[in-house]
Amino acid sequence: MRVLYRLQHHVALTRPERHAVLMLSALLLVGLVARHVQRHAPLSPDVQAAYAEDMRLLAAGPADAASARAWPLLKPPGPTGPVPLLIPPAASASATAPDTDTRINLNTADALMLQQLPRIGPALAERMLTYRETHGPFQSIDDVARVRGIGPKTLVRLRPLVRVD
């Protein structure tokens with residue numbers, strides 16, 4: 001306690017500042033203790049069993065055709081590269097040809113197709129569709145940066161996954 005008293009006089013803290021420092025120090029200590037307890041707390045057998053069952057189901061793959069369509073989005077990237085994007089049913093027959101471009105066409109894609117792209121959610125997909133309806137089709141991939149919410153970093157991520165015809 002003497003050390004704290006000498007420190008407060010040396011630093012010349014006012015009474016409210018001393019209380020604020022003391023409160024922040026106490027909160028920091030409580031946070032560190034909670035973090036330590038959370039990291040080192042053993043899992044209950046029920047939680048361990050549920051976790052093991054979930055991992056087994058993920059490793060087994062999809063059980064029916066409906067979940068098989070969404071399954072490529074759930075698998076982690078393999079040695080061949082990024083996770084493949086889902087192809088719309090109309091284009092799936094032509095996707096088997098080796099020379100087919102599987103990138104998403106920004107001028108024909110609907111909102112669900114656009115949402116498969118990284119960093120594109122429902123709101124941004126709708127803005128892209130609205131921009132396309134208002135200004136006409138995208139002339140180049142760089143035109144996508146004119147949509148509010150798409151910056152240079154997002155454009156760099158989108159470039160290898162999209163095309164403009």
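Please treat every number below as a calculation from the coordinates, not as lab data. Quick caveat, the model's predicted, so the values are computed rather than measured. Here the Cβ positions follow ideal geometry from the backbone for every residue, glycine too, while neighbour counts run over all protein chains shown.
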Estimated distance in nm for a label pair at N107 and A59, the labels positioned 7 Å out from Cα along Cα-to-Cβ: 4.8
For R163, residues with placed amide H under 5 Å, excluding near neighbours: I104, N105, L106
Rounded Å value of the spacing that divides the Cα centres of region 101-158 and region 21-53: 41
Label zone at A34 (point 7 Å along Cα-to-Cβ), backbone N below 16 Å, region 10-26: 23-26
Relative packing of 24-33, 129-138, which averages over residues the other C-beta atoms within 10 Å, highest first: 129-138, 24-33
